[in-house]
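**Q** Below is the structure I would like to discuss, written out as structure tokens.
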Amino acid sequence: MNRLNEKARAMIAEAIGAENIIVEDEILDRYARDETSDLEHAPDIVVRVSTAGEVGRVLKICNELGVPVTPRGAGTGVTGGAVPVTGGVLLSLERMNRILEIDERNMTALVEPAVITGDLQRAARERGLMYPPDPASLDSCSIGGNVAEGAGGPRAVKYGTTKDYVLGLEFVLPDGAIITTGGKFVKNATGFNLCGLLTGSEGTLAVITKILLRLVPAAPFSMDLLLPYDTLEAAVDDVYAIIARRVGPAALEFMEEDAIRLTARHLGQDMPFPDARAHLLVQLDGTSEEAVRDQVAAIAGCISVPEERIIAAESRAQSERIWKARRAIREAITAESPVFLAEDTVVPRSEIPAFLKKVKEFLNARGLRSVMFGHAGDGNVHIDVLSGGMPRAEWDGLVPELKKNIYAIALAHGGTITGEHGIGFTRRDYLGLALGEDEIALQKRVKAAFDPRGILNPRKIFGD
Ligand SMILES: Cc1cc2nc3c(=O)[nH]c(=O)nc-3n(C[C@H](O)[C@H](O)[C@H](O)COP(=O)(O)OP(=O)(O)OC[C@H]3O[C@@H](n4cnc5c(N)ncnc54)[C@H](O)[C@@H]3O)c2cc1C
């Protein structure tokens, strides 16, 4: 540990207690990674805070000394956001994990940042309410991380993403100031929308210490449909057909054949119609069983899949089985090829088939195996490229070219380089492909206004 970090450690110990600091190598090592493939860097110190006041005291010390601080929620990010790539202090919010209030009348939840997303969903549901954003990692990621990343999930097509639910925030600036913005009101035209600015700021502007979220009435009935297709184009045509019919599905996901095969093999579970070239997974919800059945009938009447090939999961167990396959794709890929490139480009829905075709052609021409799946309803396409048995140096040399080409194809199809996983560390060198110079300069000025000394999550979002 260098002298500066040693000084920070001593001052933080005095400010909030030595028992909240970890310096043992084997424990530091646990905080060196998130879920990004093949990226690690240990912090010099881990500080576990329990209150906004403690966050303020730690940040103030680090700001004065110029020591980098990396905030960390549950460490499930996939672009290296919580990896302390410059060392310094890793600020773990893990102890701030209480659901402080669920206000049924105003339909809001007030939570600390480390509340696990699935736990909030279950707590809301017990009161007949729903917190809709549903990243596939919902049983392990935290609400603070979701806000910092602007996380989305399959239900974005009907309910939107995390940014649509943040009504208020308490956050701490690098100089230690604690700011509260927003409140339990639906409308707010008072000054700049700081909740909007901080949502998706990836821990680079402030540390979020409390979150006020909008809840909605829970739909008491839901049903999942699995639809098999002979071509991806036919599947995407049916995405339009369903949306044009104004059925309003709660989720509309696709998995192309490589994703289906890999996951089925990993789970040791046969997927229905294993020879299909693509599957759509549709979730419908409503206030009555009849309303949901009406939606099923409307869909059956407008899609190209014959009725006898539509699989309707009517029990919770059947639904779980289908969604398990969708949620296990990443796990299946990791098991097959621990080193892989995970992209989450987004394009207009209508461009999905042409976009995927071009990306597949590009990857196939290089003899690379890829798996594509994602949110057909909102155009967010996950493209995972497996390194397989490729020698390490060759793979490392190839990755920048792969990224540049995938991003260029997405941009040429009217899309952008990330829909929900953020820029983080792994995409920072490519921001200039998606945003103009003036916009990047403006974003850097915003960063400087919040964090003039640049201590918060350095080397994230912006290239060097
Ligand atoms: C299997 C799997 C499936 C996934 N599926 C999805 C998906 O469907 N949709 C999706 O959007 N993402 C998905 N992700 C990515 C990841 O789960 C999300 O980005 C999630 O929001 C990260 O939350 P976290 O608590 O783990 O954050 P971390 O990984 O700990 O941190 C993420 C970023 O947020 C910052 N941060 C964390 N907490 C705070 C705070 N309190 N204040 C300020 N900054 C903070 C960190 O500095 C970092 O930059 C998936 C990941 C995995 C492994």
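**Q** Take the Cα radius of gyration of the chain and divide it by 2.2 N^0.38 Å, with N its residue count; two decimals is plenty.
**A** 0.99
**Q** Continuing with the same structure: Sorted by average packing, counted as other Cβ atoms within 10 angstrom per residue and highest first, what order do 118-130, 52-64 take?
**A** So the peptides 118-130, 52-64, ranked by packing, come out 52-64, 118-130.
**Q** Determine the gain in length on full extension of the stretch ALA335-ARG125; use 0.36 nm per residue of separation and subtract their C-alpha separation, reporting nm with one decimal. List each step's numbers first, then the result.
**A** On the way: separation 210, 0.36 × 210 = 75.60 nm, distance 3.34 nm.
Contour length minus Cα-Cα distance gives 72.3 nm.
**Q** Among the lysines, which have Cα under 20 Å from the Cα of LYS403 when same-chain residues fewer than 8 positions away are ignored?
**A** LYS357, LYS358, LYS360, LYS460
**Q** Based on Cα coordinates alone, diagonalise the gyration tensor for segment 221-329, multiply each eigenvalue by 5, take square roots, and list the semi-axes in whole Å, largest first.
**A** Ellipsoid semi-axes (Å, largest first): 22, 17, 11.
**Q** Any chance you could check the Cα centroid distance between segment 23-76 and segment 350-380 for me, in angstrom?
**A** Segment 23-76 and segment 350-380 have Cα centres spaced 36 Å from each other.
**Q** Please list, by residue number, every one of the trypsin sites (Lys or Arg not before Pro) in segment 177-247 that is coil in DSSP and has at most 13 other beta-carbon atoms within 10 Å.
**A** Sites meeting the loop and neighbour criteria: LYS187, ARG246.
**Q** Got the relative contact order for segment 99-217 handy, in percent, Cα pairs under 8 Å and 6 or more residues apart?
**A** Details: 231 pairs, mean separation 39.1, N = 119.
Computed over segment 99-217, the figure is 33 percent.
**Q** Next question, about the same structure. For the chain, what is the mean residue ellipticity at 222 nm derived from helices alone (per DSSP H run of n ≥ 4: -39500 (n - 2.57); sum divided by total residues; nearest 500 deg cm²/dmol)?
**A** -11000 deg cm²/dmol
**Q** If packing is taken as the average number of other Cβ atoms within 10 Å across a peptide's residues, how do 101-110, 223-232, 84-93 rank, most packed first?
**A** Ranking the peptides 101-110, 223-232, 84-93 by packing returns 84-93, 223-232, 101-110.
**Q** Which lysines does LYS187 reach when only Cα atoms under 16 Å apart count, and residues fewer than 8 places away in its own chain are ignored?
**A** LYS163
**Q** Right, another one. About its Cα centre, what dipole magnitude does the chain give when the only charges are +1 on Lys and Arg Cβ and -1 on Asp and Glu Cβ, stated in debye to the nearest 20? Could you put the intermediate results ahead of the total?
**A** Values: 52 positive and 65 negative charges, 179 e Å.
The calculated dipole for the chain is roughly 860 debye.
**Q** Below 8 Å between Cα atoms, with a sequence gap of 6+, how large is the relative contact order for segment 337-433 in percent?
**A** Numbers: 124 pairs, mean separation 38.0, N = 97.
Reported relative contact order: 39 percent.
**Q** Something else now. Between THR416 and ARG392, take the C-beta separation as r, use R0 = 30 Å, and let me know the FRET efficiency to the nearest 0.05. Provide the component values of the computation, followed by the final result.
**A** Values: r = 30 Å, r/R0 = 1.00.
Here the calculated transfer efficiency is 0.50.
**Q** Calculate, in nm to one decimal, what ALA354 and GLU401 gain on full extension: separation in residues at 0.36 nm each, minus their alpha carbon distance.
**A** Length gained, ALA354 through GLU401: 14.9 nm.
**Q** For the chain, calculate the relative contact order in percent as a whole number, restricting contacts to Cα pairs under 8 Å that are 6 or more residues apart.
**A** Normalised by residue count, the contact order of the chain is 16 percent.
**Q** Can you work out D for segment 337-433 in µm² s⁻¹ from Stokes-Einstein, where Rh is the Kirkwood radius over C-alpha pairs, the temperature is 25 °C and the viscosity is 0.890 mPa s?
**A** 182
None of the figures in this text is laboratory data; all of them are computed from the coordinates on show. Note that this is a predicted model, so its numbers are computed, not measured. Note: ideal-geometry Cβ built from the backbone for every residue, glycine included; neighbour counts use all protein chains shown.
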